[in-house]
Amino acid sequence: MKKNVWLVFIWFLGVGLLRGQDSIRHPDFTFYLEDQLFFQLSYVSLRNLYPDVKQLGFSHAYAFGFIRDIPLNKRRNIGLGVGLGYGKDLYYQNLKVIVDETDGTVSYQLIQPGDYKSNLFAVKKLILPIEVRLRTSTPKKYKFWRLYTGMTFSYVTDAFSEFENDFATVRYRHLSFLTNRWQYGIHLYIGYGELNAYIYYGLNDLFSPQVKVNGEHIPLYDVKFGIMLTFL
């Protein structure tokens with residue numbers, strides 16, 4: 001499955017590079033496209049948290065991939081974008097994951113600041129951005145203003161936790177079953193040239209309903225603020 005996903009990603013990338021070359025060789029409205037390679041780096045703010053859950057540490061995320069441009073008008077300054085990429089989100093907070101070594105049972109503990117150095121829950125995912133694109137571009141102008149907005153859909157491929165105190169570091173792998181595997185949210189980026197300001201507002205809970213403390217589900221929603229670099 002993972003091999004097939006990467007083959008699809010490489011195909012998207014190859015097509016995008018070829019179409020980008022067409023845009024340069026034929027600087028007119030017929031061939032101009034803004035197919036992009038992108039890289040995102042974001043600070044993650046957690047929201048809608050359970051009363052005793054706190055964000056502690058520098059939660060952050062990064063992602064990279066390719067977006068295919070689909071112009072909607074002759075001037076090609078209005079269009080759609082459909083992409084494919086890979087991302088990793090790292091959430092530093094005080095919900096500790098504990099996996100029993102004998103039977104694999106998972107439990108959760110709310111820990112207090114000062115009792116540990118670091119507590120992390122992280123996810124790896126495939127991302128699919130779909131967006132409406134407005135820009136001031138022309139066939140011969142490769143630096144321009146853009147405002148792109150839409151939805152980002154993500155599929156969690158893996159997750160892990162890492163707890164560190166003065167005595168040991170404990171890491172549990174393959175915890176994707178603790179998440180809602182499909183994630184989605186609204187994104188917006190605006191900028192000039194290669195540099196863009198980026199924001200993502202998550203619309204669904206990261207954790208699955210089985211993540212509970214004292215019988216109550218612990219939700220986790222996120223907002224991301226950062227930069228997005230785009231390359232034609």
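So if I check each of Ala159, Ala168, which one is of a type in the set (Gly, Ala, Ser) and out of contact with any Ser or Thr (no Cβ under 7 Å at 6 or more places or on another chain)?
On the way: Ala159 fails: out of contact with any Ser or Thr (no Cβ under 7 Å at 6 or more places or on another chain).
Checking each option against the conditions leaves just Ala168.
Results for (1) exposed (fewer than 14 other Cβ atoms within 10 Å of the Cβ); (2) of a type in the set (Phe, Trp, Tyr); (3) closer than 19 Å to Gly83 by Cα, shown as yes or no for each residue.
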{"site": "Glu194", "(1), (2), (3)": "no, no, yes"}
{"site": "Tyr198", "(1), (2), (3)": "no, yes, yes"}
{"site": "Tyr201", "(1), (2), (3)": "no, yes, yes"}
{"site": "Asp205", "(1), (2), (3)": "no, no, no"}
{"site": "Pro209", "(1), (2), (3)": "yes, no, no"}
{"site": "Gly215", "(1), (2), (3)": "yes, no, no"}
{"site": "Pro219", "(1), (2), (3)": "no, no, no"}
{"site": "Met228", "(1), (2), (3)": "no, no, yes"}
{"site": "Leu232", "(1), (2), (3)": "no, no, yes"}
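Between a first residue in the stretch 35-53 that is crowded, with 20+ Cβ neighbours inside 10 Å and a second residue that is among the β-branched types (Val, Ile, Thr), which pairs have beta carbons less than 6 Å apart while being 6 or more apart in sequence or on different chains?
Matching pairs, first to second residue: Gln36/Ile67; Gln36/Thr230; Phe38/Thr230.
Given the condition outside any loop (DSSP other than H, G, I, E, B), closer than 30 Å to Thr102 by Cα and either out of contact with any Leu (no Cβ under 7 Å at 6 or more places or on another chain) or not acidic (Asp, Glu) (or both), answer yes or no: does some residue in the stretch 194-204 qualify?
Among the residues of the stretch 194-204, not one is outside any loop (DSSP other than H, G, I, E, B), closer than 30 Å to Thr102 by Cα and either out of contact with any Leu (no Cβ under 7 Å at 6 or more places or on another chain) or not acidic (Asp, Glu) (or both), which makes the answer no.
Give the residues of the stretch 144-180 that are of a type outside the set (Gly, Ala, Ser) and within 13 Å of the chain's Cα centre (by Cα), sorted by residue number.
Correct list: Met151, Thr152, Phe153, Tyr155, Val156, Thr157.
Any residue in the stretch 200-224 that's in contact (Cβ under 8 Å) with a residue 24 or more places away in the chain: show its pairings with residues that are basic (Lys, Arg) and part of a strand (DSSP E or B) at Cβ separation under 8 Å, as long as the two are six or more apart or on different chains.
From residues that are in contact (Cβ under 8 Å) with a residue 24 or more places away in the chain, the pairs are Tyr200/Lys224; Ile218/Lys212; Tyr221/Arg47; Asp222/Arg47; Val223/Arg47.
When the residues of the stretch 60-76 are filtered to those that are in contact (Cβ under 8 Å) with a residue 40 or more places away in the chain and in a loop (DSSP other than H, G, I, E, B), which remaining residue is farthest from Lys224 (Cα to Cα)?
Only one residue fits best here, namely Lys74.
Which of the strands (runs of 3 or more DSSP E) found entirely inside the stretch 77-188 contain at least 2 residues meeting this: modelled with pLDDT under 95 and among the aliphatic types (A, V, I, L, M)?
Those strands (runs of 3 or more DSSP E) span 95-99, 106-110.
Of the residues Val106, Val132, which is exposed (fewer than 15 other Cβ atoms within 10 Å of the Cβ) and of a type outside the set (Lys, Arg)?
Val132
How about the stretch 140-187: which of its residues are acidic (Asp, Glu), farther than 20 Å from Gly65 by Cβ and surrounded by 15 or more Cβ atoms within 10 Å (Cβ to Cβ)?
Start the filter on the stretch 140-187 by keeping residues that are acidic (Asp, Glu), which leaves 158, 162, 164, 166.
Among the residues that remain, those that are also farther than 20 Å from Gly65 by Cβ are: 162, 164, 166.
If the condition is that a residue be acidic (Asp, Glu), farther than 20 Å from Gly65 by Cβ and surrounded by 15 or more Cβ atoms within 10 Å (Cβ to Cβ), then Glu162 is the only one that fits.
For the stretch 70-80, state whether one or more residues are β-branched (Val, Ile, Thr) and closer than 17 Å to Phe207 by Cα.
Within the stretch 70-80 (the criterion being β-branched (Val, Ile, Thr) and closer than 17 Å to Phe207 by Cα), the answer is no, since none of the residues qualifies.
The values are calculated or read from the model by the stated rules, or taken from the named source; none is laboratory data. Just so you know, these numbers come straight off a predicted model, no measurement behind them. Quick reminder, even Gly has a Cβ in these numbers, built from the backbone with ideal geometry, and neighbours come from all protein chains shown.
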